[in-house]
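Data block below; observations after.
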Amino acid sequence: MLREVWLWLRTPCAPAARRLGHLAEAIALSARTRRQRRHWQAHQQHTRQAILQVADQCERRQLALILGAGECHDVPVAELAQRFERVVLVDIVFLPGVRQRCKAFRNVECHEQDLTGLADILARPAAIQTADDLMALRPELAAQTALMTLLQGLHSSRDDVSLVVSVNLLSQLPVKPVDYLQRQRPALPLNSLNAFAWQLLRAHLNLLQSFCCPVCLVTDDRQRTWNAAGELVEEVVLVAPLQLEGEVFARWHWPLAPKGELAHGCRAEHEVVAIRL
């Protein structure tokens, strides 16, 4: 608990990202990663292998963009640093330990960027009042603008990018924005929030597909939750609605929350896929 408080106080974080809950989520995920080290080891290894498989297909070795890098437990940082002239880790918030570890590599950088491009708008108290306000946000344009902001900050262009990786990020993009909107605007219809969530997913996918270099997308496909009696109570599928089944080159199970991690004896498991775009 003391570690979590220390991280909350000492981690640099944009005000909008903090308000939407991204810092709290990063700290909670860090704690869960430590608790579930044994259960998550295979998932992390599969992710690293998938990234390197696509990285080895790159003809150019200039700039590798790693989106959703987090604490890099599932990112082969050392191997990428050997393969590319420059490796840029991107996330909306980085805990101090990540930046410290990256100092060991002269060509690895951490850059904070809200990849939805909407955090500042959503965090404004009066920005979203109605479903119409939500539908007017244009997530695809916002995501492309966020990418341009990122590249400008890197003093780079799309032509410099040799590899793009989205690491266990796609399904997470809507989570904190939708949670925040539900807390701040409980009158917003659930169908509007759900539509907004899918817009964020498709905006990120379109962003990835806009690159001409190899792109590796590692994402949840099926998210399943069981209750204490072993009954399946929730299942979410992502890959089929996004029409990505034909691009999958690897698939594995991730015991996200074994029994004892969730309340009321529930457990959750995700089926993860690696996709070459």
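Less than 19 Å from a label point 7 Å out along the Cα-to-Cβ axis of residue 61: which backbone N atoms in the range 9-50 qualify, by residue? Only 49-50 fall inside the zone, counting backbone N under 19 Å. Take residue 176: with every protein chain present and a 1.4 Å probe, its accessible area is about 30 Å². Could you work out how far apart the two model spin labels at residue 132 and residue 105 are, taking each label as a point 7 Å from the Cα in the direction of the beta carbon, and quote it in nm? Simple spin-label model gives 4.9 nm for this pair.
Is the C-alpha gyration tensor of the range 29-111 telling us rounded, prolate or oblate? Criteria: a/c under 1.5 is rounded; beyond that, a/b larger than b/c is prolate, otherwise oblate. Note, shape of the range 29-111 comes out oblate. Once the 1.4 Å probe is applied to the protein heavy atoms, the chain comes out at 48 Å² accessible per residue. Rolling a 1.4 angstrom probe over the chain with all protein chains present gives an accessible area of which 51% lies on carbon and sulfur atoms. Of (i) 27, 23, 21; (ii) 32, 24, 18; (iii) 36, 18, 17, which is the value of semi-axes √(5λ) of the Cα gyration tensor in Å derived from the coordinates here? From the options (i) 27, 23, 21; (ii) 32, 24, 18; (iii) 36, 18, 17, the structure gives (i). Shape class for the range 131-241, computed from the alpha carbon gyration tensor (a ≥ b ≥ c): oblate, with a/c not under 1.5 and a/b at or below b/c. Under a model in which nothing but the beta-carbon of Lys, Arg (+1) and Asp, Glu (-1) is charged, the range 62-202 shows a dipole of about 180 debye around its Cα centre. Taking 0.36 nm per residue of separation and subtracting the current Cα-Cα distance, fully stretching the chain between residue 183 and residue 38 would add 48.8 nm. Which shape class applies to the range 84-126: rounded if a/c is under 1.5, otherwise prolate when a/b exceeds b/c and oblate if not, where a ≥ b ≥ c are the square roots of the Cα gyration tensor eigenvalues? Oblate shape, in that a/c is at least 1.5 and b/c is the bigger or equal ratio.
Under unit Cβ charges (Lys, Arg +1; Asp, Glu -1), what dipole magnitude, rounded to 20 debye, does the chain have relative to its Cα centre?
Dipole about the Cα centre, nearest 20: 920 debye.
Take every DSSP beta bridge whose two residues both sit in the chain; close to 55 percent of them are antiparallel.
The values are calculated or read from the model by the stated rules, or taken from the named source; none is laboratory data. Treat the numbers as computed from the prediction; the structure is a model and nothing was measured. Reconstructed Cβ throughout: ideal geometry from the backbone, glycine too, with neighbour counts over all protein chains shown. Protein only, heavy atoms only, side chains kept; ligands, DNA and RNA dropped before computing areas. Shrake-Rupley method; radii C 1.70, N 1.55, O 1.52, S 1.80 Å.
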